[in-house]
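To start, the structure itself, in structure tokens.
The values are calculated or read from the model by the stated rules, or taken from the named source; none is laboratory data. Values in this document were obtained by computation on a predicted structure and should not be read as measured data. So basically every Cβ, Gly included, is an ideal-geometry build from the backbone, and we count neighbours across all protein chains shown.
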Amino acid sequence: MTETTRRTFLQQTSLASAAATVGIGCSTIPPAKRLAKRGPVIISTWGFGKPANELALRTLQDGGSALDAVEQGIRLVEVSGNSSVGLSGKPNAAGVTQLDACIMNGPGHQAGSVAGVEGVAHPISAARLVMEKTPHVMLVGRGAGWFAKEEGLKVLDTAKDEASYKAWLAAQKKSSPGNGDKPDNHDTVTLIVLDTNGDLAGGCSTSGWSGKIPGRVGDSPIIGSGLYVDNEVGGAGATGLGENVMRYCASYQVVENMRLGMSPTEACAEAIRRIARTDPAGMDLAINFIAINKQGEFGAAGTQVNFPYSVTTPDFSEVRKGQALGLAIQKEGGNE
């Protein structure tokens, strides 16, 4: 090899090595850095989640954390007059509204929840206080109400409202069997935030199954069932018939599916298919899921036809339809 050829070879080798180094550097840029260029992503269940998303976005833009954004967004739904969230929710079989809520913070893998609580105007805030002010994860019933009041939250008298309860009973008798598929009869707002630092937080709030036996708790305040957040992977949450979610720790399943490389939509769909393979109800489950991964990709799937979920970023805010599975597709005249 001549000296000129040798020098040319060494120069080409050096350039190739430098290019390879640059390529490796680009490929290992943390997803959070790429996300920061286009802003946060916020998802929630149902069309009524859209205003909550938009308040959550404003909270982030004003300097709040992802956790702050989740709390403020859900607080809005809790006082919106929604018939399945907050004190305006439908009563249990004793004529009293009992509330459930949970919250999770990705950094530190923190969680807090309250269940079967009465009179607390903002159960999502009570759940956050459990997470931040106690060594516990969950408080229930009177204890949860006592704690919320001690921490300065608004707690109202929960005496049975005979008039509204009788009106609700009359409406129940007139309702048709198919009404369970209507969005306003489902029971949860679940909201998940991915901020520009790549950190995740999520929360749920509900008044639960209307007419439920007093003391019944659904999936919403159960970590891993109604909500699960893993700051390394993503977050997922559920809405629908809680009993069909909590027996399978379904939101945890969705996050683990994303850990295996599934997209958020496919992760939701596969969790439902897995449940349906085991559950006697098959696909007649009345459950729906939303999910978002660390890269800011989002999706939803459910057994309800055209399950609506809300998505908000600095560029758009809209209600979309999740992937329909099983009986939902059959109702549309198609096949799974």
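Can you pull out the residues in region 74-91 that are among the aliphatic types (A, V, I, L, M) and without any contact (Cβ under 8 Å) to a residue 24 or more places away in the chain?
None - no residue of region 74-91 is among the aliphatic types (A, V, I, L, M) and without any contact (Cβ under 8 Å) to a residue 24 or more places away in the chain, so the list stays empty.
There is at least one residue in region 58-79 that is more than 15 Å from residue 312 (Cβ to Cβ), in a loop (DSSP other than H, G, I, E, B) and touching a Gly at 6+ places or on another chain (Cβ under 7 Å).
Cβ-Cβ distances below 8 Å connect the following pairs, each with a first residue in region 107-120 that is of a type in the set (Ser, Thr, Tyr), a second residue that is modelled with pLDDT of 95 or more and part of a strand (DSSP E or B), and a separation of six or more residues or different chains: 113/100; 113/101; 113/102; 113/103; 113/138; 113/139; 113/223.
Inside region 48-75, residues that are farther than 20 Å from residue 320 by Cβ, within 16 Å of the chain's Cα centre (by Cα) and surrounded by fewer than 20 Cβ atoms within 10 Å (Cβ to Cβ) make up a count of 1. Taking (1) surrounded by fewer than 16 Cβ atoms within 10 Å (Cβ to Cβ); (2) at pLDDT 95 or above in turn, residue 223 satisfies each apart from (1). Within region 38-57, if we keep just the residues that are assigned to a loop (DSSP other than H, G, I, E, B) and either in contact with a strand residue (DSSP E or B) (Cβ under 8 Å, 6 or more places away or on another chain) or hydroxyl-bearing (Ser, Thr, Tyr) (or both), the residue that is farthest from residue 85 (Cα to Cα) turns out to be 40. Look at (1) in contact (Cβ under 8 Å) with a residue 40 or more places away in the chain; (2) touching a Phe, Trp or Tyr at 6+ places or on another chain (Cβ under 8 Å); (3) of a type in the set (S, T, N, Q) and you find that residue 220 fails only one, number (2).
Looking only at residues of region 175-220 that are of a type in the set (Asp, Glu) and at pLDDT 95 or above, we find that the one that is surrounded by the fewest Cβ atoms within 10 Å (Cβ to Cβ) is 199.
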